[in-house]
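Down below is the structure, laid out as structure tokens.
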Amino acid sequence: MDNGIITYINGPVIKAKNMKNFRMREMVAVGEKKLIGEVISIYEDFGTVQVYEETAGLKIGEFVYPTGKPLSVKLGPGIIGNIFDGIERPLNKIKEYSGNFINEGIGLISIDPNKRWKVNFLVKEGEYLEEGQPFAYVEETPLIKHYIMVPPKVKGRVTYVAADSEYCIEDVILKLQDDKEYELKMYQEWPVRIPRPVKRRFPIEKPLITGQRVIDTFFPIAKGGTAAIPGGFGTGKTMTQHQLAKWSDADVIVYIGCGERGNEMTEVLEDFPKLIDPNSNLPLMNRTILIANTSNMPVAAREASIYTGITIAEYFRDMGYNVAIMADSTSRWAEALREISGRLEEMPAEEGYPAYLASRLAEFYERAGYVETLSGKEASVSIIGAVSPAGGDFSEPVTQNTKRFVSVFLSLDRNLAYSRHYPAINWLSSYSGYLSLLNDWYRKNVSEDFFKLRGEMLKVLQEENKLLEIVKLVGEDVLPDDQRLILEVARLIKIGFLQQNAYHPEDTYVPLHKQYNMLRMIKLFYDKALFAIKKGVPIGKIRQMKGYSEILKMKYSIPNEYKDEFDNLQRNIEEEFSQILKSYEGD
Amino acid sequence: MQKEFLHVEKIEGPLLILSEVEDVSYDEIVEIKTRDGIKHGKVVQLYEDKAIIQVFETTSGLSVKDVAVKFTGKPLEISLSKDILGRIFNGFGVPIDGGGPIFSPIKMNVNGRPINPVARKYPRNYIQTGISAIDLLTTLIRGQKLPIFSGNGLPHNEIAAQIINQAKIADGENFAIVFGAMGIKHDDAHYFTKMFEESGVLERVVMFLNLADDPVVERIVTPRCALTAAEYLAFNEDMHVLVVLSDMTSYCEALREISSAREEVPGRKGYPGYLYSDLASIYERAGIIEGSKGSITQIPILTMPNDDITHPVPDLTGYITEGQIVLSREIYQRNIYPPINILPSLSRLMKDGIGEGYTREDHPSVANQVFASYTKYQEVLALAQVIGEDELSSIDKKYMEFGRAFEDKFLKHDFYEERSIIESIDLAWSILSILPKNELDRIEPKLLDKYYKG
Ligand SMILES: Nc1ncnc2c1ncn2[C@@H]1O[C@H](COP(=O)(O)OP(=O)(O)OP(=O)(O)O)[C@@H](O)[C@H]1O
Ligand SMILES: [Mg+2]
């Protein structure tokens, strides 16, 4: 008999004997209810299994059944627009089986096997196909052509092509002959813990444009890059991730709700079909994939959800798409590791986390990249992970280790959130490691002086920070006017530029050229005002200028698709200053 | 029929270790026959023929010799019908008001099951509480989980009571209140009973009481019983249910006690590493289900040890709930009721339930402006303490005036004072209008022109 026999049960962790013939990381069915699990250690005859479903009711002596394959997901048409649990089971299907509440023992269901897709073939009999090569496509959504590819490690001469027609994913639609014959279906299976292969990696050179000013201008993320968003509760991690999922210029979005709130997933499900993608004018759901393993769902599946998500992302990358993946929150994933490790009685390292926390984080973020796919296309996976530090303290292990492996760090600040400065991304402690790599792109596509402007603005903010230390002790009045001007310009930057209202129809997404012009106006005002102050104009006068308040509200008053509004604003500012100067020179 | 097992190997704190058991399932409930009657426990670990049982009542006085354990084969279930309204149960779901047991064919597992996210409906309707700081700045939404972060001796009970008194949970009679008490004092329980009585809702209240001197381990099932009752009322009986759980800190301490008895690897401050998941299994039981007429709104109350918001209990709670109302000892000492510190307080769901079509068009910007200006007031206040108030610039003096007016006129309430949400918004405008118009930079110009009262 090849089944294991359960000898130990402790929450999501069970142990079984008679496990000699099982493999490490093999997917198994546990007990009479056939709960889904994964072998996580084997020692002689004994094996440990983490179970992806609720184990209440399980008994000693029940069996563990092998499946012969590692934890894998099905990759094929039917993924986009769908919402899955942590092991790629469609939540809508689960609802059909078990109603409003999730039951265990539903079994391994995946993308819809019955749905028929119109398949368009790209190859003919007799052609020789390499691994990764697309041989057909399906219009999965109006936005995404889903290419059906030869799986990695498979190649051969085409001996059979099905007729152009509708098929479901289990139908054999292509045969290849090499040393052996391969029957290809519309899907492939891939073990989630293994990165899908690519031909090679390219250096980073393009930004992931998000329409969020503080990100695009100050701390840009790159296509194929990595970013972390750490912050205490309520500081805006999820909002920022939602904004990126909505507006970033990726082709495909994979959004993983990993150990977070059910309502946040519902919100995406209700909102995204109504939101229109600015690039395609189609509803955003047409490019979005959701993975929801909420905080109250089984903890082991939370651990798996991150891998399921990244595997799906890589699969769409292999078709030649730029994919962005948001993981909210990687801390809950790390905690799932900790919880399982604790139940295994492994030796804990820092704060109870297992010693392999850092390597797991590294492995995950290393699956991002700007690559040449097996079929020779340029494509990317960008990863943006939220981090939820305990007590909001960034010195804890998950934040610290994440910091080692990501290039953009968008640090959320509790005090900014308290004063409702959103997004609460702290401009002093955040950074982007991509500035020099993206410099060329910004110069060519936005403006020669864009990063120069950015640098100057950041400098104003840094100086403001120093001055505020003094102001705290003595008040603002004692500062000389040129220093008070720095405070005023910093206010223009903070309120006029950095604060961005996610709920405002126009302000929620701002194109780069508008971001650039906004910066230009602030800089213009700064230069003129400095000159005026040197000529003796008092700061009080400057603050009362019309131009000053125009800049504060230009994000609302100037539309994203502006015409001559910035030119007019510039002219008004220049005129206003020359009038003021005249009156002061006149004295 | 069911076998009794006599072989108790060890008793360790709240745990009983049995050997030579068979056919036992994980998480099932056991009955423990002792000299002083029946106690209950549940299976928390199985290893070959051994079972570790967590006993809900005290284990003191138990001896390995005179204990017999019967396995029920079932998880903990409670009987539910509409008759639970007006009744009082202990923390384990057993009636303690002398009214006899609940007879019903409907029995539900207290552990509940996760709501499928695709079955949820996103909450969008606000509940007016009549308390300005809550209604304007941290609006409560039906189906939300919005905890009160309090401290020992702060008036969280009064605030919860005032919300219960004044909140329009449902339009008609179609509402219920479920109260789960974990480790609270007799006085506090009494306070709530009296208050329910006074406001005439007693017959719509279901109480699950585990008081300070009741068995600690029982506390672990108390909120689960309460939420199971709430789910029944909301999703089987289509009622709008408000669940008040107090004190979540005592609950977490009970969890810690068991975890340490089981010698688990401790996380922060000795709390188990799974505290987050465990709390989530409670808080996530709030919400609305598509196609069902009822709803569950949760107001958990917790006391922050040392008033420390970074303590694991408030911290993990804040990471799960949809905002928080934070009370401040400093404000309370200045005789302000309710002593809500608005800056760390937050309602995440209000964004979709306020503004045009819900409350009033200017509500979101007014709320933002109050937060921004009150932050500025705090900075000015700090400066005033250094250089003296007289030395402040004239604009800073305005902020002082604004801040004081805000606390005295807006924040401060009488226990019986109920302000409509529109009254609260107007009141905020009159206080904001102390500041010069160009200081109000969070409000769109057209709203400013319409409502500014300077
Ligand atoms: N860019 C923004 N624009 C407007 N409001 C925002 C923005 N970012 C955050 N907020 C406000 O802050 C609240 C909390 O944000 P969010 O839910 O994203 O926090 P979080 O960091 O994900 O918290 P948690 O760790 O508890 O999940 C939101 O409900 C919203 O009211
Ligand atoms: Mg969040």
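The values are calculated or read from the model by the stated rules, or taken from the named source; none is laboratory data. A quick note: this is a predicted structure, and the numbers were derived from the prediction, not measured. Cβ placement follows ideal geometry from the backbone for every residue including glycine, while neighbour counts extend to all protein chains displayed. Note: accessible area is taken over every heavy atom of the protein model, side chains too, but ligands, DNA and RNA are not part of it. Shrake-Rupley method; radii C 1.70, N 1.55, O 1.52, S 1.80 Å.
Starting from the range B:345-372, take each residue that is within 9 Å of chain A (Cβ to nearest Cβ) and list its partners that are open to solvent by 10 Å² or more (accessible area, probe 1.4 Å) and assigned to a helix (DSSP H, G or I), counting only C-beta distances under 7 angstrom and pairs at least six apart or across chains.
B:Gly355/B:Pro364
For the range A:384-406, what are the residues that are in a loop (DSSP other than H, G, I, E, B), away from ligand 1 (no atom under 12 Å from the Cβ) and either at positive phi or crowded, with 21+ Cβ neighbours inside 10 Å (or both)?
Hits for the range A:384-406 are A:Glu396, A:Val406.
Is there a residue being within 14 Å of another protein chain (Cβ to nearest Cβ), farther than 19 Å from A:Ala424 by Cα, open to solvent by less than 10 Å² (accessible area, probe 1.4 Å) and more than 10 Å from ligand 2 (Cβ to nearest atom) anywhere in the range A:231-244?
no
Report whether or not A:Tyr321 is open to solvent by 10 Å² or more (accessible area, probe 1.4 Å) and away from ligand 2 (no atom under 16 Å from the Cβ).
When the stated conditions are applied, A:Tyr321 passes them.
Condition first: more than 12 Å from chain B (Cβ to nearest Cβ), open to solvent by 10 Å² or more (accessible area, probe 1.4 Å) and outside any strand (DSSP E or B). Now tell me which residues in the range A:282-306 satisfy that.
A:Leu282, A:Met285, A:Asn286
Among the residues of the range A:251-269 satisfying the criterion of being more than 14 Å from ligand 1 (Cβ to nearest atom) and open to solvent by 10 Å² or more (accessible area, probe 1.4 Å), which is nearest to the chain's Cα centre (by Cα)?
Taking the candidates together, the pick is A:Asp251.
For the range B:9-56, enumerate the residues that are free of Cβ contacts under 8 Å to residues at least 12 places away in the same chain and of a type in the set (Phe, Trp, Tyr).
B:Tyr47 - this is the single residue of the range B:9-56 that is free of Cβ contacts under 8 Å to residues at least 12 places away in the same chain and of a type in the set (Phe, Trp, Tyr).
Within the range B:267-285, can one find any residue that is closer than 17 Å to B:Gly318 by Cα and acidic (Asp, Glu)?
Scanning the range B:267-285 turns up at least one residue that is closer than 17 Å to B:Gly318 by Cα and acidic (Asp, Glu).
Taking the condition touching a residue at least 40 places away in the same chain (Cβ under 8 Å), among the hydrophobic types (A, V, I, L, M, F, W, C) and in contact with a Phe, Trp or Tyr (Cβ under 8 Å, 6 or more places away or on another chain), does A:Ile573 pass?
yes
Rundown of residues vs (1) within 23 Å of B:Leu211 (Cβ to Cβ); (2) in contact with a Cys (Cβ under 6 Å, 6 or more places away or on another chain); (3) not assigned by TED's automatic domain parsing to the domain that holds B:Ala176, yes/no style:
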| position | (1), (2), (3) |
| --- | --- |
| B:Leu18 | no, no, yes |
| B:His40 | yes, no, yes |
| B:Val43 | no, no, yes |
| B:Glu48 | no, no, yes |
| B:Leu62 | yes, no, yes |
| B:Ala68 | no, no, yes |
| B:Gly93 | yes, yes, no |
| B:Gly98 | yes, no, no |
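Within the range B:239-249, does at least one residue satisfy the condition of being in contact with a Leu (Cβ under 7 Å, 6 or more places away or on another chain) and within 14 Å of chain A (Cβ to nearest Cβ)?
No, the range B:239-249 contains no residue that is in contact with a Leu (Cβ under 7 Å, 6 or more places away or on another chain) and within 14 Å of chain A (Cβ to nearest Cβ).
Do we find that A:Phe566 is farther than 30 Å from A:Lys582 by Cβ and more than 13 Å from every other protein chain (Cβ to nearest Cβ) in this structure?
No, not satisfied.
From A:Pro203, A:Pro151, A:Pro207, which residue is touching a residue at least 12 places away in the same chain (Cβ under 8 Å) and touching a Pro at 6+ places or on another chain (Cβ under 6 Å)?
A:Pro207
Find all pairs meeting these conditions: Cβ atoms under 6 angstrom apart; at least six residues apart or on different chains; first residue within the range A:218-242 and in contact (Cβ under 8 Å) with a residue 60 or more places away in the chain and within 17 Å of B:Ile320 (Cα to Cα); second residue within 9 Å of ligand 2 (Cβ to nearest atom) and part of a helix (DSSP H, G or I).
Once the first residue is in contact (Cβ under 8 Å) with a residue 60 or more places away in the chain and within 17 Å of B:Ile320 (Cα to Cα) and sits in the range A:218-242, its partners that are within 9 Å of ligand 2 (Cβ to nearest atom) and part of a helix (DSSP H, G or I) give A:Gly231/A:Lys237; A:Phe233/B:Tyr319; A:Thr238/A:Glu264.
Quick check on this structure: which one of A:Phe233, A:Phe219 is out of contact with any Pro (no Cβ under 7 Å at 6 or more places or on another chain), under 23 Å from A:Val446 (Cα atoms) and within 15 Å of ligand 1 (Cβ to nearest atom)?
One residue alone meets the criteria, A:Phe219.
Could you grab me the full set of residues in the range A:307-337 that are of a type in the set (Gly, Ala, Ser) and either assigned to a helix (DSSP H, G or I) or within 14 Å of chain B (Cβ to nearest Cβ) (or both)?
Selection gives A:Gly309, A:Ala313, A:Ser329, A:Ser331, A:Ala334, A:Ala336.
Give the residue that is farthest from the other protein chains (Cβ to nearest Cβ), with candidates limited to residues of the range A:476-493 that are touching a Lys or Arg at 6+ places or on another chain (Cβ under 8 Å) and part of a helix (DSSP H, G or I).
A:Asp482
Hey, any hits in the range B:336-343 for a residue that's part of a loop (DSSP other than H, G, I, E, B) and within 16 Å of ligand 1 (Cβ to nearest atom)?
Yes, the range B:336-343 contains a residue that is part of a loop (DSSP other than H, G, I, E, B) and within 16 Å of ligand 1 (Cβ to nearest atom).
With within 12 Å of chain A (Cβ to nearest Cβ) and open to solvent by less than 60 Å² (accessible area, probe 1.4 Å) as the only criterion, which of B:Ala428, B:Ala382 stands out?
B:Ala382
Which pairs turn up if I take residues in the range A:253-273 that are more than 9 Å from every other protein chain (Cβ to nearest Cβ) and aromatic (Phe, Trp, Tyr) and look for partners that are within 13 Å of ligand 1 (Cβ to nearest atom) and in a helix (DSSP H, G or I) with beta carbon separation below 7 Å, at least 6 apart in sequence or on another chain?
A:Tyr255/A:Ala245; A:Tyr255/A:Val268
Does any residue of the range A:95-107 turn out to be among the aliphatic types (A, V, I, L, M), open to solvent by 30 Å² or more (accessible area, probe 1.4 Å), within 28 Å of the chain's Cα centre (by Cα) and within 30 Å of A:Glu140 (Cα to Cα)?
no
Take the residues of the range A:338-356 that are in contact with a helix residue (DSSP H, G or I) (Cβ under 6 Å, 6 or more places away or on another chain) and crowded, with 22+ Cβ neighbours inside 10 Å: which is farthest from the other protein chains (Cβ to nearest Cβ)?
Checked the range A:338-356; the qualifying residue farthest from the other protein chains (Cβ to nearest Cβ) is A:Tyr353.
Would you call B:Gln298 within 13 Å of ligand 1 (Cβ to nearest atom) and not small (Gly, Ala, Ser)?
No; evaluated as a whole, the condition is false for this residue.
Among the residues of the range B:224-261, write down those that are part of a loop (DSSP other than H, G, I, E, B) and closer than 21 Å to B:Ile320 by Cα.
B:Asp247
Just one of (1) of a type outside the set (Phe, Trp, Tyr); (2) away from chain B (no Cβ under 14 Å); (3) in a helix (DSSP H, G or I); (4) open to solvent by less than 30 Å² (accessible area, probe 1.4 Å) trips up A:Glu464, so point out which.
(2)
For a quick check of your reading: which strands (runs of 3 or more DSSP E) sit entirely within the range A:72-156 and have at least 1 residues that are over 30 Å from A:Val51 (Cβ atoms)?
Once the strands (runs of 3 or more DSSP E) in the range A:72-156 are filtered for at least 1 residues that are over 30 Å from A:Val51 (Cβ atoms), what remains is A:117-121, A:134-139, A:145-149.
Just the residues that are closer than 17 Å to A:Met285 by Cα and of a type in the set (A, V, I, L, M), please, taken from the range A:235-249.
A:Leu244, A:Ala245
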